[in-house]
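Notes follow the structure.
The values are calculated or read from the model by the stated rules, or taken from the named source; none is laboratory data. Source: prediction; values computed, not measured. Here the Cβ positions follow ideal geometry from the backbone for every residue, glycine too, while neighbour counts run over all protein chains shown. Accessible surface is based on the protein model in full, side chains and every heavy atom, while ligands, DNA and RNA are left aside. Shrake-Rupley method; radii C 1.70, N 1.55, O 1.52, S 1.80 Å.
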Amino acid sequence: MSVSSHTEYGVRPRFWFAVYQLLWHLLLPLAFVRLAWRARHSFAYMHHIPERLGFGYAKPITKGAVWIHAVSVGETRAAQPIIEAYLARGQSILLTHMTLNGRRTGKQLFGEAIASGQIRQVYLPYDLCWCVEHFLKTFAPKFGLFMETEAWPTVVFRCAELGLPLFLVNARLSERSARRVGLFGRAGRALFQAFAGILAQTEFDAQRYRSLGVRNVVITGNLKFDVPLDPRLVEQGKAWQETLQNSQRLMVCAASTRDGEEEIILKAWNDLLLNHAFAVQPLLCIVPRHPERFTEVASLIQVAGFTFRRRSEWDGIPKDNSELQVLLGDSMGEMPMYYSASNLVVMGGSLLPFGGQNLIEACAAGCPVLLGEYTYNFQQAALDAIAMGAAKRLKGDALLGETIALMESLKALLLNTAELAKMAQSAKTYSIEHQGATRRILAALDQQLSSR
């Protein structure tokens, strides 16, 4: 593989890149150990292993496709409007992922196009020079779109050297991430400068990329506002909500919760019920972010002493649900159903410093959102939702801790159904008014590619 330090877009830092490659080669065995460890939960982690090294692709290979890289579940769902737009244009698509759940989501969303051969779905290889080289030679895409935050140095620099346009689309960069990039000095800045262009979600993100010396930055909005909700799941969720309404019960969905947050939520829920403020007790639904934690969270609910059931054990909310205190959403791809069944969402990832999960999908379902302190992954979206009355921050003195603040906020909202209804309408308005990123991204890409 020939290596040139000067590229059309930026400069590959020779020394740091050599160190990076050395570390990758040394740590490669651990990557496979990690896959084997995860295979305890699903042997599917051991499938397609050669693809992780840039080999083992079944024939035939379609070259000249539009390459879209969506690392995991959230990025794959966000890419849906762009993928559907290129499919409508008759383009072939190479869809790559890094995680098993991302691949599963892609197959769920685009199964028909994958079966017809219009979409080819594979893993992006590990970021080793020889793996990346063989991958790029095998597929030879016409251009690439990396979703949101992905910036693998070997891939990015090699695409630049080959003159293969690679864009960072729906790009976001939190203040914390920008500081981390800054720690690598010129090497960190060179990585983002090597993209053919960056299509940022917000002005906040654009400013951070520009501070790294990136010249070609365009603000196009957030694709997640354009992602359609599965009408079948929405209808199913509404049926569940009707069952609960017949029992005069409200439901709170703790969505995409992360490690450590369930304890906070369960303690707050216990304190809430002990308040005896409700004539009919509300119902809590917890949906962990990662499926490998379903069993762990079930144990936490059991230890907390709640009567609960798993989603995998029932087709819907039972008509006689008075004894049920907690539902465990141990399923994948059904968030629109949980949101449509709920009266309020507690957004996971925001109670502890994980940066928050996607509040936009909840708003699109017309469900008000309660946010913790940590929403830096969705900074602008969170600020806009709060400003429009679609979301609220935890109410209470932060010095008293997240549990008390969460309990007080839940109590205040669940006892004010008029306020919840007003927030629900604002959530719908908020999600509709921020649509249009797909159109702007396609226009920006068409312009930049035509000028090359």
Sulfur and carbon atoms: percent of accessible area, the stretch 374-452 [1.4 Å]:
55
Calculate the dipole size of the stretch 82-204 relative to its Cα centre from +1 charges on Lys and Arg beta carbons and -1 charges on Asp and Glu beta carbons; express the result in debye to the nearest 20.
160
Before I look further, what does the stretch 210-360 give for accessible area per residue, probe 1.4 Å, in whole square angstrom?
41
Heavy-atom SASA rank of THR62, THR96 (probe 1.4 Å, accessible area, largest first)
THR62, THR96
To the nearest 10 square angstrom, what accessible area does ASP259 show with a 1.4 Å probe?
90
Once LYS422, LYS238, LYS411 are ranked on solvent-accessible area with the largest value leading and a 1.4 Å probe, the list reads LYS422, LYS238, LYS411
Heavy-atom surface of the stretch 5-150, accessible at 1.4 Å and reported per residue (Å²):
46
Size-normalised alpha-carbon gyration radius of the stretch 62-107, reference 2.2 N^0.38 Å:
1.09
At a temperature of 10 °C and a viscosity of 1.306 mPa s, determine how fast the stretch 92-154 diffuses translationally according to Stokes-Einstein, using the Kirkwood radius over alpha-carbon pairs as Rh; express D in µm²/s, rounded to the nearest whole number.
125
Kirkwood-type radius of the stretch 309-452, with distances r between different C-alpha atoms, in Å
17.0
Please report, largest first and rounded to whole Å, the three semi-axes of the ellipsoid equivalent to the stretch 250-291, where each semi-axis is the square root of five times an eigenvalue of the C-alpha gyration tensor.
22, 12, 5
Using a 1.4 Å probe on the protein heavy atoms, what percent of the accessible area of the stretch 125-274 belongs to carbon and sulfur?
51
What fraction, in whole percent, of alpha-carbon pairs in the stretch 349-396 exceed 14 Å separation?
41
What is the mean projected area of the alpha carbon convex hull for the chain, to one decimal in square nanometres?
21.7
ALA140-ALA443 pseudo-label distance in nm [points 7 Å out on the Cα-to-Cβ vector]:
3.4
For helix 437-450, what angle does its Cα long axis make with the longest principal axis of the chain, in degrees from 0 to 90 and rounded to 10?
0
For the stretch 81-229, the Debye formula with one identical point scatterer on each Cα and no solvent gives log10 I(q)/I(0) at q = 0.16, 0.17 Å⁻¹ as -0.96, -1.08
Charges at C-beta only: +1 for Lys and Arg, -1 for Asp and Glu. How large is the resulting dipole of the stretch 175-271 about its Cα centre, in Debye rounded to 20?
720
Longest principal axis of the chain (C-alpha) makes with the long axis of helix 100-116 (C-alpha) an angle, in degrees to the nearest 10, of 70
Fully extended, how many nm does the chain gain between HIS41 and ASP127 (0.36 nm per residue separation, minus their Cα-Cα distance)?
28.4 nm
Could you sort GLU175, GLU133, GLU84, GLU235 by their accessible area in this structure, using a 1.4 Å probe and putting the largest first?
GLU235, GLU175, GLU84, GLU133
Once the in-chain neighbours fewer than 8 apart are removed, the lysines whose Cα is under 24 Å from LYS137 read LYS59, LYS63
Calculate, for GLN302 and TYR374, the FRET efficiency according to 1/(1 + (r/R0)^6) with r their C-beta to C-beta distance and R0 22 Å; round to the nearest 0.05.
0.20
Can you give the extra length, in nm with one decimal, that the chain gains between GLU334 and SER116 once fully stretched, where that is 0.36 nm per residue apart less the Cα-Cα distance?
76.0 nm
What angle do you read, to the nearest 10 degrees and between 0 and 90, between the alpha-carbon axis of helix 402-414 and the longest principal axis of the chain?
60
Of all the C-alpha pairs in the stretch 244-388, what % are more than 19 Å from each other?
50
If each K or R counts +1 and each D or E counts -1, the residues other than LEU28 whose Cβ falls under 14 Å of its Cβ total +1
Average silhouette area of the stretch 1-153, convex hull of alpha-carbon atoms, in square nanometres:
9.7
Computing the accessible area with a 1.4 Å probe over protein heavy atoms, can you report the carbon and sulfur percentage for the stretch 28-73?
68
